[in-house]
Amino acid sequence: MSDETKGVILVGHGGIPKGFPGDLVTKLKRLEAQRRAAGKPMSEEEYELDQKIRLWPRTPETDPYQAGLERLATQLKPLTDGGHFSIAYNEFCTPTLEEAIEKQIAEGAKDITVVSTMFTPGGSHSEYEIPEEMAELRKKHPGVTLTYAWPFDLGKVAEMLAEHIQRFQAQPAGKS
């Protein structure tokens, strides 16, 4: 039986869809860097570019990253305790983490766990941006428990990778 007050959000990086103009990606990243350096909120121009790339039409062929995260989510969802389950993206795709959290709260979630697909320490999304965003959302929703399942136990990640390596090493040479 699922608990409709619980939720899980799987956060992936997000990918640039094939066919999206490269000059707009460059401009977006430049505006983002300037904003972060100045410590200012997102400008209207940056927001418009961000929305344009996030809402760009996607298929598994034009955005294999999105398709891959959706396949991972399909495998993960039945392993969770039920309740709400969503995907979110740090950049380039929709929904954002904030949008996914807001949607789950609107649907009745009161205890949401966020987990990233980015396992290693040191990444700006997983180590800084997600915690900062969640801190702001905790202030906005004091009656909701927002847990960030981070950092990963690197020993467990290493075990998973070693098992994966062993499966491939057991195959005949040249097979993958």
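Exactly one condition in (1) at pLDDT below 95; (2) not assigned by TED's automatic domain parsing to the domain that holds residue 115 is false for residue 81; which is it?
(2)
Taking residue 62, is it in a strand (DSSP E or B) and of a type outside the set (Gly, Ala, Ser)?
On the way: in a strand (DSSP E or B): no; of a type outside the set (Gly, Ala, Ser): yes.
No; evaluated as a whole, the condition is false for this residue.
Of (1) surrounded by fewer than 14 Cβ atoms within 10 Å (Cβ to Cβ); (2) out of contact with any Gly (no Cβ under 9 Å at 6 or more places or on another chain), residue 57 satisfies all except one. Which?
(2)
With respect to residue 145, is the statement that it is touching an Asp or Glu at 6+ places or on another chain (Cβ under 7 Å), assigned by TED's automatic domain parsing to the domain that holds residue 89 and under 22 Å from residue 82 (Cα atoms) true?
Values: touching an Asp or Glu at 6+ places or on another chain (Cβ under 7 Å): yes; assigned by TED's automatic domain parsing to the domain that holds residue 89: yes; under 22 Å from residue 82 (Cα atoms): yes.
For residue 145, the condition - touching an Asp or Glu at 6+ places or on another chain (Cβ under 7 Å), assigned by TED's automatic domain parsing to the domain that holds residue 89 and under 22 Å from residue 82 (Cα atoms) - is met.
For segment 25-54, give me each residue that is loosely packed, with under 11 Cβ neighbours inside 10 Å and over 22 Å from residue 99 (Cα atoms).
26, 33, 37, 38, 39 - these are the residues of segment 25-54 that are loosely packed, with under 11 Cβ neighbours inside 10 Å and over 22 Å from residue 99 (Cα atoms).
Of all residues in segment 124-176, count the ones that are charged (D, E, K, R), at pLDDT 95 or above and over 24 Å from residue 110 (Cβ atoms).
Residues meeting the conditions: 4.
What single numbered condition from (1) in contact with a Leu (Cβ under 9 Å, 6 or more places away or on another chain); (2) in a helix (DSSP H, G or I) fails to hold for residue 132?
All conditions are met except number (1).
The values are calculated or read from the model by the stated rules, or taken from the named source; none is laboratory data. Keep in mind that this is a model prediction, so the values were computed, not measured. Backbone-built Cβ (ideal geometry, glycine too); neighbour counts: all protein chains shown.
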